[in-house]
Amino acid sequence: MTIGQFINQNWFVIVLAAFALGILLELGAIRFLKRKGDVPLKDSALSIFLGLASDPVNAIFAFITTAALFAAAPFAIGEIPITWGSFLLCFVLDDLRFYVHHRICHRVRWGWAMHVVHHSSTNFNMPIALRQSWMKHFTGTMMLKIPLILIGFDPVLVVFCGVLNAAYQFFLHTETIDRLPRWFEYIFNTPSHHRVHHGRNPEYLDANFAG
């Protein structure tokens, strides 16, 4: 079995293991390195429960989104082969798709009803990243992936880029990391940017929607 085949068959376990390792490293940094942050037991346990429960529930209804993506594929204006270049382009365009989705979920009450659970804690740590809705396939914003299919991206690649985007965002939810190098902060979403997004100060509300 190649490394690629192993990852393909075990990606869900690998992602969960990476999340668990991230939480343990955050706890270790707070306790032993005296880094900023807090991971209260009860609140974190609730976040982890919501996250673990949301995966199978959302998986049950994932056919709503995946069926729409594959139904749109025959109407694509072309076919973009899967290469490293097309993967990077798809990832960037899917992040733009996420930005629009995220902005809608903060500005439209129907979307906010789904997304508010993620902002329902007064804490900010990696377990909070797992506090996700069970009803994401019912808001309609997942249909924002369809334009990527219509311009020729493979539905499997589009879904993969969405999963990768969500996995990256998990590590943004921490206070233990202050600011990263200036060039990285300029290009990528970082914990310092995402802390602003979760801030409750009036001047910070509805800001920094990127994935």
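Values quoted throughout were computed directly from the atomic coordinates according to the rules given, and no laboratory measurement underlies them. Computed from a predicted structure; not experimentally measured. So basically every Cβ, Gly included, is an ideal-geometry build from the backbone, and we count neighbours across all protein chains shown.
Below is a table of values for the structure above.
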item: For the chain, size of Cβ-based charge dipole, Lys and Arg +1, Asp and Glu -1, in debye; result: 500
item: Least to most buried among Thr174, Thr66 (fewest other Cβ within 10 Å first); result: Thr66, Thr174
item: Positive-pole candidate from Pro56, Leu46, Phe70, dipole of region 39-204, charges at beta carbon; result: Leu46
item: Among Thr141, Asn125, Leu93 the positive-end extreme of the charge dipole of region 80-146 (Cβ point charges); result: Thr141
item: Net lengthening on full extension, Trp183/Ser86 (0.36 nm per residue, minus Cα-Cα); result: 32.5 nm
item: The chain: DSSP helices with Cα axial extent of at least 24 Å and average Kyte-Doolittle hydropathy no lower than 1.0; result: 3-32
item: For Ile64, Ile23, order by how many other beta-carbon atoms lie within 10 Å, fewest first; result: Ile64, Ile23
item: Extension reserve of the Tyr168-Leu96 stretch, reckoned as 0.36 nm per residue once the Cα distance is removed; result: 24.4 nm
item: Residue-span extension gain [Ser120 to Ile151] - 0.36 nm each, minus C-alpha spacing; result: 7.5 nm
item: Simple label model, 7 Å out from Cα along Cβ direction - Leu41 to Ile77, nm; result: 5.8
item: Positive-end extreme of charge dipole, the chain - chosen from Val15, Ala167, Val196 (charges on Cβ); result: Val196
item: Cα-based Rg of region 39-204 normalised by 2.2 N^0.38 Å, two decimals; result: 1.10
